[in-house]
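S.K.: Handing you a structure now.
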Amino acid sequence: MEYRPLGRSDLRVSAICLGTMTYGQQNTVQEAHEQLDYAVAQGINFIDTAEMYPVPARAETQGSTEAYLGSWLARQERDRLIIATKAAGPGPHIAWIRGGDRNLNRANLEQAVNDSLKRLQTDYIDLYQLHWPDRYVPLFGAANYDPQQERDTIPIAEQLQILADLVTAGKIRYIGLSNETPWGVSQFCHLAEQFNLPRIVAIQNAYSLTNRVFDIHLAETCHREQVSLLAYSPLAFGFLTGKHRNGKAPNSRLALFPGFDRRYQKPNLAEAVAAYGEIAQRHGLSLTQLALGFVRSRWCVTSTIIGATSLAQLQENIATATITLTPEMIADIETVHHRYPNPTP
């Protein structure tokens, strides 16, 4: 397993990060522990979760993922692992979290951190991320920015000061963002410098063969500010495994949770997946191997977040850590990308 520096922090994270958002919905606690044991045995030291998980988000299961992880973490050598979690931001779809008020103010962030620490059964969180911005931005495949949807927001400098106090208290080590924009990253970095507050070290955004918008508008910002990309959805909701080519795969999220795939209900996705599948077959790889190998190979990606509902899926995903794409494979990928650019932004 390869290990890479996380932004400007002193952490070195595995190039593959274990995502856990199925724990408590599609995976039992026993299955979660089996996956965690296997991942760590393969050299993974980086595990990502969130207070709102599992997904799809439901009041009945909220927090279960952290609790499953915590029951496992209590038996581990804590300082050998890097645990990341996230605080939910404003939005009407998860009104049960903190009584429906999820602005990233002091009361909410302090409660979110304390609740996560309790569920995770740990004294500190290595990387604490804001799951999405407190302010309005288009999210999860939504279309163009609309200034008419602006809402009241907690100033970024205030959010940073609260997070700084949590760092000082020893509850979190480093801070990060998720689903952010170039403007947001720039503001967090600029204000941290201006007011001598903690800098963000990472951003967790979607990145895959069918979604490379990060390359267009965030890559330069993150490169210059030394902010690591943690790539989520590298298999594009399972489409880049090829399992949905002939309709919704049984027992998949696509089949179990109708409407949960809004980001992937877009033109040219099927055509792009078929073209990438042909490349994989021509070079003796599975589509999964090609897709994960590509994301892991990108200069802008520090760690690729994988998730699985079965141990067999997890084993296949982790095994891609040994795959190196050739220049010919990359050239073939670029040809398809130019034909079908970013069908699932």
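S.K.: From the helices alone, meaning DSSP H stretches of at least four residues, give me the mean residue ellipticity at 222 nm for the chain, per-run term -39500 (n - 2.57), in deg cm²/dmol to the nearest 500.
M.R.: Details: 12 runs with 128 residues, N = 345.
Rounded to the nearest 500, the figure is -11000 deg cm²/dmol.
S.K.: Mind listing which GluC sites (Glu not before Pro) in segment 269-345 are in a DSSP loop and have 14 or fewer other Cβ atoms within 10 Å?
M.R.: Here no loop site has a sparse enough neighbourhood.
S.K.: Between TYR136 and SER286, 0.36 nm times their residue separation minus their Cα-Cα distance comes to what? Walk me through the numbers on the way to the answer.
M.R.: On the way: separation 150, 0.36 × 150 = 54.00 nm, distance 3.88 nm.
This chain segment gains 50.1 nm when fully extended.
S.K.: Let me ask another. First check a/c for segment 227-345, with a ≥ b ≥ c the square roots of the eigenvalues of its C-alpha gyration tensor; if it is under 1.5, answer rounded, and if not, answer prolate when a/b is larger than b/c or oblate otherwise. The partial results should precede the final answer.
M.R.: Details: a/c = 1.41, a/b = 1.20, b/c = 1.18.
The shape class here is rounded.
S.K.: Something else now. Angle check, please: helix 64-73 long axis (alpha carbons) against the longest principal axis of the chain (alpha carbons), in degrees 0 to 90, nearest 10.
M.R.: With rounding to tens, the tilt is 90 degrees.
S.K.: I need the per residue convex hull volume for segment 160-205, using only the alpha carbons, in cubic angstrom as a whole number.
M.R.: Values: hull volume 2.9 nm³, N = 46.
In segment 160-205, the Cα hull volume divided by residue count equals 63 Å³.
S.K.: So which trypsin sites (Lys or Arg not before Pro) in segment 89-169 end up in coil per DSSP with only 11 or fewer other C-beta atoms within 10 Å? Spell out each step's value before the answer.
M.R.: Working: sites: ARG98, ARG102, ARG106, LYS118, ARG119, ARG135, ARG151; in loops: ARG102, ARG135, ARG151.
In loop regions of segment 89-169 (DSSP not H, G, I, E or B), the sparsely surrounded trypsin sites (Lys or Arg not before Pro) are ARG151.
S.K.: Another question, then. Quote the relative contact order of the chain in percent (integer), defining contacts as alpha-carbon pairs under 8 Å separated by 6+ residues.
M.R.: 18 percent.
S.K.: Quick one: with all protein chains in place, what share of the accessible area of segment 1-79 is carbon or sulfur, to the nearest percent (1.4 Å probe)?
M.R.: Working: 1360 of 3010 Å².
The nonpolar share, carbon plus sulfur, comes to 45 percent.
S.K.: Can I ask one more? Can you tell me the relative contact order of segment 1-105? Whole percent, Cα pairs under 8 Å, sequence separation 6 or more.
M.R.: On the way: 151 pairs, mean separation 26.1, N = 105.
Worked out over segment 1-105, it gives 25 percent.
S.K.: From the convex hull of the Cα coordinates of the chain, what is the mean projected area in square nanometres? Before the final figure, lay out the partial values.
M.R.: Working: hull surface 65.2 nm².
Over all viewing directions, the chain projects a mean Cα-hull area of 16.3 nm².
S.K.: Could you list the chymotrypsin sites (Phe, Trp or Tyr not before Pro) in segment 64-168 that lie in coil according to DSSP, counting only those with at most 13 other Cβ atoms within 10 Å of their Cβ? Write out the running numbers ahead of the final one.
M.R.: On the way: sites: TYR68, TRP72, TRP96, TYR124, TYR128, TYR136, PHE140, TYR145; in loops: TRP96, TYR124, TYR136, PHE140, TYR145.
Here the sparse-neighbourhood loop sites are TRP96, PHE140, TYR145.
S.K.: Turning to a different aspect of this structure: Can you bin every Cα-Cα distance in segment 93-172 into 5 Å intervals starting at zero and give me the percent of pairs per bin, rounded to whole numbers?
M.R.: Histogramming segment 93-172 at 5 Å steps yields 3, 13, 22, 23, 18, 12, 6, 3, 0 percent.
S.K.: Considering only protein heavy atoms, what per residue accessible area in square angstrom results for segment 194-345 with a 1.4 angstrom probe? Could the numbers behind the result be given before it?
M.R.: Details: 6740 Å² over 152 residues.
For segment 194-345, the solvent-accessible area averages 44 Å² per residue.
S.K.: Cα axis of helix 156-168 to longest principal axis of the chain: angle in degrees, 0 to 90, nearest 10?
M.R.: Orientation of helix 156-168: about 80 degrees from the principal axis.
S.K.: Apply the a/c threshold of 1.5 to the C-alpha gyration tensor of segment 184-282 and tell me whether it is rounded, prolate or oblate.
M.R.: Prolate is the answer for segment 184-282, as a/c is 1.5 or above and a/b outweighs b/c.
S.K.: Quick one: the Cα spread of segment 282-345 along its three principal axes, in angstroms, biggest first?
M.R.: 35, 27, 21
S.K.: What is the angle, in °, between the Cα long axis of helix 29-41 and the longest principal axis of the Cα atoms in the chain? Nearest 10 is fine, range 0 to 90.
M.R.: 80
S.K.: If you take the Cα atoms of segment 145-184, find Rg, then find the Kirkwood Rh from the mean of 1/r over all pairs, what is Rg/Rh?
M.R.: On the way: Rg = 13.1 Å, Rh = 12.2 Å.
For segment 145-184, the value is 1.08.
The values are calculated or read from the model by the stated rules, or taken from the named source; none is laboratory data. Note that the structure is predicted; figures quoted are calculated from it, not measured. Every residue, glycine as well, gets a Cβ built from its backbone with ideal geometry; the counts of neighbours run over all protein chains shown. Ligands, DNA and RNA are excluded from the accessible area calculation, which covers all protein heavy atoms including side chains. Shrake-Rupley method; radii C 1.70, N 1.55, O 1.52, S 1.80 Å.
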